[in-house]
Each structure stands twice: as structure tokens, then as C-alpha cells.
Amino acid sequence: MNISFYAPWHTDQDDEVLASCLETNLATDGPFSAKVHKQLSRIYEESPMMLTASCSAALETALCLCGLTQDDQVLLPSYNFPSAANAVLRAGAAPVFCDIDPDTQNISLKDAASKITGRTKAIIPVHYAGVACDMEALLKLAQEAGLAVVEDAAQAIGSLYNGRPLGTLGDFGCVSFHYTKNISCGEGGLLLCKNRQTYEDARCYRVHGTNRDAFFNGECDRYTWVTPGSSTAPSELCAALLSARLPWLEQITRIRVKRLEDYLKALKPLEDAGYARLMAVPREACPNGHIFYLRFESQALRDRIHRLLLENGVEARTHYVPLHLSPMGRKLGYRPGDCPESAACCDTLLRLPLHTRLTLRQTGQIAELIIKGCSS
Ligand SMILES: *Cc1c(COP(=O)(O)O)cnc(C)c1O
């Protein structure tokens, strides 16, 4: 077998839109960005939104708008990519790492609740693998403690929670169009805002802290610096590429979810025999097939199966080093033993290839290889 971990999704329109974009002056927020906006409004309905250069830039914007000070703390899972933690640091506050739930690898609400103090101001749920966190319970917890909710929906375009798109449930939602995600334009992101005022503030932050929007809306004669900000809009070229690919979102999601379901079915015997736990998909969550993973009963077994797959041309991958165990996490004062489930997840989780070029036959072959490998 020769099965890669990722496979790009090219469209016949890619070349064409890029060529016509190159004929413009590439002004930021030009016609291609406007087109992407229209396409995304169909997914995100009424939510005020803006394109950003990355999901990381969207997270930074959101955290900056939470009005944090150096005494403030923000809860987030340790089992995560560093973007959200970086955004907290850049906003001047302290990230507080929480452990995860062993079924979904999403933030453990029990652990999060136990870490709320008078200084806690926000929580960042990460929808790992595109599978929704328990948002009903999380929003309740946040409301009781007066926390802002910033959804890291980087992996979650096309995913739903009780029928609603992930990223639209919290005060802010951040989505990624990085090349590793279901829909990509190389680098790109999206910031969703619940509230009109924070949306206006985010627009201002996005254009160097100026009132450029008001100027272009004819509300003032010239635009000027009004608040701290940054430059987080994407290039019009990236927007052009995104505009060619977004129409395929439903089809991409459908294929990926099918392959995810193939894996769940074919690997069920592994779970029944106690060799591994398959990723859980709670009833309220409708995932987008971003990642398929399983957690083996031991690190030794995970490593053995990982090697077996690689030897047979199947590019399986492990995932995050928990942030509390990273060199930066150690600098922040975290210690081994702080988030035990996150550490165990790092040792036992394996991701299998999942993309639109994968076939039912291939998921079957991969599953067979794993099941044989476990019982030999
Ligand atoms: C990919 C990813 C990010 C970063 O997204 P960029 O668009 O590359 O900045 C952040 N958080 C999670 C959970 C991700 O998977």
C-alpha cells in the first residue's frame, strides 16, 4: 500500500480564479474576499464574520478583545496545538491548562470547573478532530462563572452541534483554512463574532487599529489610528483560491465522514477485544471527518502498530505533545503529572489517513492490518 496521511483537494477552477485575481491590483478585501464572505454566510448564517490570515490570527484577535490583564487566567486543554495558548500570552494573561476527556479528547469540564478562580476570565474549547465539545454544559459553566467563550474551531468547518455550526456558539469562533484542514487555501482563517460591537472592534483590530471601515462606509473624511491593532486580513490571492474550493465543502465533508464511519465499523472488533478505544462521537455532535483516531491500551502497542502501518506504506501519525509537558509549558511552571489524561493520550493516540482520495477498500485494508497486528 502507499497511503498518504493528507491529500490535497484541487478544483478545476483553481487556476482560473488565481489568474483572474492576478489581473486585479490584489487590494485586500477585494471581490474574491467578498465572494468567500457570501459563500461562508450560507454556512454561518447570521454570525458577523471576517476572514483572517490564519486561525491563529483569529484567536489572537478574539483574546485581545476579551479585555484581559496580567492577573487574568484563561482555561484551555493541554492536549492542543499552541495557537490558543500563544493568543492568551499575547493578550497578556496566563493560560491555565486543563485535562481532557478520554472519550473525545476535548476539555474535561470537571477539571475546568475545578480550576476556576476569581481570576478566570475566559475558556477556549477546542473541538478536537472536528467533534464538538459538550457545548451546552460548557456554556452553562461559562455563564455561571462569567467567562468569555472562544471556540477553537480550527478543525471544525462543516461540523455541527445540535444542528448549529461550530464556531457560532461561543462569544467568538475561530476556523482554519491551513493546508492540513478539510478546506484549504494554503493559509487562512475566519473569525466569527457573536456580538455586533465586538465584531466592530475586531474589524478595527484587523486593519492596524484604524477606523478604516468607517472611512470606506463614508462615516468620516479620513481614517486614522484609534486603538491597538494588527494586520490580520488574508491576501486576496488566498481568498480567490478559497472561493474556488468552498463550493465543494459538502462533498468533501460527505466523503470524509463516510471514511470515518468505515473505520469505526471495521475497527469495532479491536474495541470489543480491549486493544484500543475508538474515537467517540457524542449524539449531539455531527462531525466533519477531519481526523480519525484511536487510543491503544498501551504505548507499546500503539508504537508497534504505528511501525507496522509505516512498514506497510500507511502513513499513520501520532499527535500533540501536551502543552503542559512542552518546554514552554515547563517554563510556565507546569509539571509532569499535572494533566495525566493528556499525557496518556499523547502516548497512546494514533491518527489514520483520512482524506477524499481514500477508498472503502483502503480503510478495510488498514483496519485488517491493525487487527491482525494487535492479535499477533
Ligand atoms: C490548525 C490548528 C490551529 C492553527 O490554525 P492556523 O490556521 O494554522 O493558524 C489552531 N488550533 C487547532 C486546534 C488547530 O488544529
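Yes/no matrix, rows are residues, columns are (1) touching a residue at least 40 places away in the same chain (Cβ under 8 Å); (2) in a loop (DSSP other than H, G, I, E, B); (3) farther than 21 Å from Y79 by Cα:
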{"site": "T104", "(1), (2), (3)": "yes, yes, no"}
{"site": "T117", "(1), (2), (3)": "yes, yes, yes"}
{"site": "L141", "(1), (2), (3)": "no, no, no"}
{"site": "E144", "(1), (2), (3)": "no, no, yes"}
{"site": "G158", "(1), (2), (3)": "yes, yes, yes"}
{"site": "L169", "(1), (2), (3)": "no, yes, yes"}
{"site": "C185", "(1), (2), (3)": "yes, yes, yes"}
- Determine whether L358 is buried (at least 19 other Cβ atoms within 10 Å of the Cβ), outside any helix (DSSP H, G or I) and in contact with a Phe, Trp or Tyr (Cβ under 7 Å, 6 or more places away or on another chain). no
Quick check on the stretch 345-352. Is at least one of its residues more than 30 Å from L249 (Cβ to Cβ) and surrounded by fewer than 14 Cβ atoms within 10 Å (Cβ to Cβ)? no
If we keep only residues of the stretch 101-110 that are farther than 13 Å from I124 by Cβ and touching a Phe, Trp or Tyr at 6+ places or on another chain (Cβ under 8 Å), then the residue surrounded by the fewest Cβ atoms within 10 Å (Cβ to Cβ) is T104
Condition set touching a helix residue (DSSP H, G or I) at 6+ places or on another chain (Cβ under 6 Å) and part of a loop (DSSP other than H, G, I, E, B), scope the stretch 322-342, selection surrounded by the fewest Cβ atoms within 10 Å (Cβ to Cβ): answer is D338
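Report yes if Y6 is of a type in the set (S, T, Y), within 30 Å of P336 (Cβ to Cβ) and within 16 Å of the ligand (Cβ to nearest atom), otherwise no.
Details: of a type in the set (S, T, Y): yes; within 30 Å of P336 (Cβ to Cβ): no; within 16 Å of the ligand (Cβ to nearest atom): yes.
It is false that Y6 is of a type in the set (S, T, Y), within 30 Å of P336 (Cβ to Cβ) and within 16 Å of the ligand (Cβ to nearest atom).
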> Do we have S56 as part of a loop (DSSP other than H, G, I, E, B) and touching a Cys at 6+ places or on another chain (Cβ under 9 Å) here?
Replying inline: no
Within the stretch 222-238, the residues that are assigned to a helix (DSSP H, G or I) and in contact with a Leu (Cβ under 6 Å, 6 or more places away or on another chain) are E236
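Per-residue answers, yes or no, for (1) more than 25 Å from I43 (Cβ to Cβ); (2) touching a strand residue (DSSP E or B) at 6+ places or on another chain (Cβ under 6 Å):
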| residue | (1), (2) |
| --- | --- |
| Y223 | yes, yes |
| D262 | yes, no |
| Y275 | yes, no |
| G289 | no, no |
| F296 | yes, yes |
| R304 | yes, no |
| E315 | yes, no |
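Condition check: of a type in the set (G, A, S), at pLDDT 95 or above and in contact with a strand residue (DSSP E or B) (Cβ under 9 Å, 6 or more places away or on another chain). Does G167 satisfy that?
Details: of a type in the set (G, A, S): yes; at pLDDT 95 or above: yes; in contact with a strand residue (DSSP E or B) (Cβ under 9 Å, 6 or more places away or on another chain): yes.
Yes.
Which residues, counting only those in the stretch 171-183, are part of a loop (DSSP other than H, G, I, E, B) and within 12 Å of the ligand (Cβ to nearest atom)? Walk me through it before giving the result.
Going through the stretch 171-183, the residues part of a loop (DSSP other than H, G, I, E, B) turn out to be 171, 177-183.
F177, H178, Y179, T180, K181, N182, I183 - these are the residues of the stretch 171-183 that are part of a loop (DSSP other than H, G, I, E, B) and within 12 Å of the ligand (Cβ to nearest atom).
What number of residues in the stretch 63-100 are more than 12 Å from the ligand (Cβ to nearest atom) and touching a Leu at 6+ places or on another chain (Cβ under 8 Å)? Walk me through how you get there before you give the answer.
Keep residues of the stretch 63-100 that are more than 12 Å from the ligand (Cβ to nearest atom), which gives 63-75, 78, 88-100.
From what is left, the residues that are touching a Leu at 6+ places or on another chain (Cβ under 8 Å) are 74-75, 78, 88, 90-98.
Residues that pass the stated criteria total 13.
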Within the stretch 189-198, restricting to residues that are touching a strand residue (DSSP E or B) at 6+ places or on another chain (Cβ under 9 Å) and not in a loop (DSSP other than H, G, I, E, B), the one that is nearest to the ligand (Cβ to nearest atom) is G189
Across (1) more than 13 Å from A91 (Cβ to Cβ); (2) polar (S, T, N, Q); (3) in a loop (DSSP other than H, G, I, E, B), S41 clears everything bar (3)
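Could you say which residue among G186, G167 is within 16 Å of the ligand (Cβ to nearest atom) and surrounded by fewer than 23 Cβ atoms within 10 Å (Cβ to Cβ)? Please lay out each step first, then the result.
Working: G167 fails: surrounded by fewer than 23 Cβ atoms within 10 Å (Cβ to Cβ).
Exactly one of G186, G167 is within 16 Å of the ligand (Cβ to nearest atom) and surrounded by fewer than 23 Cβ atoms within 10 Å (Cβ to Cβ), namely G186.
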In the stretch 50-71, anything surrounded by 24 or more Cβ atoms within 10 Å (Cβ to Cβ) and on the phi > 0 side of the Ramachandran plot is listed as none
Residue in the stretch 288-302 that is under 26 Å from the mean Cα position of the chain (by Cα), part of a helix (DSSP H, G or I) and at pLDDT 95 or above present: yes
Exactly one of V74, V17 is surrounded by 15 or more Cβ atoms within 10 Å (Cβ to Cβ), of a type in the set (A, V, I, L, M) and part of a helix (DSSP H, G or I), and that residue is V17
Contact list, first residue from the stretch 241-266 and assigned to a helix (DSSP H, G or I), second anywhere and of a type in the set (F, W, Y) and buried (at least 22 other Cβ atoms within 10 Å of the Cβ), beta-carbon distance below 7 Å, six or more apart or interchain, is L242/F177; S243/F32; L260/F292; Y263/F292
Being in contact with a Lys or Arg (Cβ under 7 Å, 6 or more places away or on another chain) and of a type in the set (D, E, K, R) narrows E60, E16 down to just E60
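Taking the criterion of being closer than 18 Å to M135 by Cα and in a loop (DSSP other than H, G, I, E, B), would at least one residue in the stretch 91-99 satisfy it?
Restricting attention to the stretch 91-99, the residues satisfying the condition of being closer than 18 Å to M135 by Cα are 98-99.
Pick out the ones that are also in a loop (DSSP other than H, G, I, E, B) and you get 99.
Yes, there is a match, as at least one residue in the stretch 91-99 is closer than 18 Å to M135 by Cα and in a loop (DSSP other than H, G, I, E, B).
The values are calculated or read from the model by the stated rules, or taken from the named source; none is laboratory data. This one's a predicted model, so the numbers in the text were calculated from it and none came from an experiment. As a convention, Cβ positions derive from the backbone with ideal geometry for all residues, glycine included, and neighbour counts pool all protein chains shown.
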